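Novice: Handing you this structure, nothing more for now.
Bear in mind that the values in this text are calculations on the coordinates, not laboratory data. Every value quoted in this text rests on a predicted model; they were computed, and no experiment measured them. Note: ideal-geometry Cβ built from the backbone for every residue, glycine included; neighbour counts use all protein chains shown.
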């Protein structure tokens, strides 16, 4: 898929309540640019943050909506009996004060997200 003449990758998340969200990003040798997402009601939510390839634990990134993410580090996690090595763990605070954590696995994208009392994670269906 292309966006603004650049190749991008996408991932659609299906929620238990029937909602879905599609997230898009571009991977380059210098890092990952988070393009944005399209929500269940077709609303486009731009992101625009850049995650440098050489991020260090504690380094922060602020997106175009003033959401702040802190790179926690690389972690190995196991979900639904599958081991994910070198997941990138980020902890964040949204522009309205909501907090959460996300884990991205190489070759998969988002594999786990915790926001408030909602946990979304890999269930073995990829």
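Novice: Just checking my list (1) 13, 36, 27, 16, 8, 0; (2) 12, 40, 31, 13, 4, 0; (3) 12, 43, 39, 6 against P(r) over Cα pairs in 10 Å bins from 0, in percent computed from this structure; which label fits?
Specialist: (3)
Novice: Next up: Quick one: if the Förster radius is 22 Å, what FRET efficiency do residue 53 and residue 108 give, using the C-beta to C-beta distance and rounding to 0.05? If you can, show how the numbers build up before the last one.
Specialist: Numbers: r = 18 Å, r/R0 = 0.81.
The value I calculate is 0.80.
Novice: Right, something else. Modelled label-to-label distance, residue 29 and residue 75, 7 Å Cα→beta-carbon offset: nm?
Specialist: Distance between the two pseudo-spin positions: 3.2 nm.
Novice: Let me ask another. Name the shape class, rounded, prolate or oblate, that the alpha-carbon gyration tensor gives for the stretch 21-74, where a ≥ b ≥ c are the square roots of its eigenvalues, rounded holds for a/c under 1.5, and otherwise prolate holds if a/b is larger than b/c and oblate otherwise. Each step should come with its number before you reach the end.
Specialist: Values: a/c = 2.47, a/b = 1.74, b/c = 1.42.
It comes out prolate by the Cα gyration axes.
Novice: Mark the label point 7 Å from the Cα of residue 115 along Cα→Cβ and return the residues of the stretch 38-63 whose backbone N is within less than 16 Å of it.
Specialist: Taking a point 7 Å out along Cα→Cβ of residue 115, the residues of the stretch 38-63 whose backbone N falls under 16 Å are 38-49, 63.
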